[in-house]
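Laboratory data are not the source of any read-out in this text; all were calculated from the coordinates shown. Note that the structure is predicted; figures quoted are calculated from it, not measured. Cβ coordinates were reconstructed from backbone atoms using ideal geometry, including for glycine residues, and neighbour counts include every protein chain displayed.
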Amino acid sequence: MRQELHLYRLREGSYREALPDERGRLRSETLGVWFGVEDAGWLRVYTPEGEVLLTHEEAEKARAEAEARARREADARAAAERRLAELEERLRRLSEAAHGE
């Protein structure tokens, strides 16, 4: 069941219900963000540009994934640098042997 979200604003001494936009989202003038209910029924917060703000859990997961990706990339870069050094050394030895040094 889809949840409904209601927002009320104090105008001229009384509360009036704010109308949602075409996506069903409601804007908080005070906070400068939008609120909406996703299909699963969870309340989500959106930036003025329409990007969803991550929950704490989502942000933690994204951070952990980024750190793991950075570690993998650093390991791959280090391996490539080691291989490059090995090949440069091999080329140097071959060059010396070819020139009788």
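Of all residues being surrounded by 11 or more Cβ atoms within 10 Å (Cβ to Cβ) and within 20 Å of THR55 (Cβ to Cβ) in segment 8-26, which is nearest to the chain's Cα centre (by Cα)? Just the residue, please.
ARG25
Among the residues of segment 19-59, write down those that are touching a strand residue (DSSP E or B) at 6+ places or on another chain (Cβ under 6 Å) and farther than 16 Å from LEU7 by Cβ.
Those that are touching a strand residue (DSSP E or B) at 6+ places or on another chain (Cβ under 6 Å) and farther than 16 Å from LEU7 by Cβ: GLU38, VAL52, LEU53.
Would you pick out the residues in segment 52-101 that are under 30 Å from LEU31 (Cα atoms), surrounded by 10 or more Cβ atoms within 10 Å (Cβ to Cβ) and not β-branched (Val, Ile, Thr)?
Result: LEU53, LEU54, GLU58, ALA59, GLU60, LYS61, ALA62, ARG63, ALA64, GLU65, ALA66.
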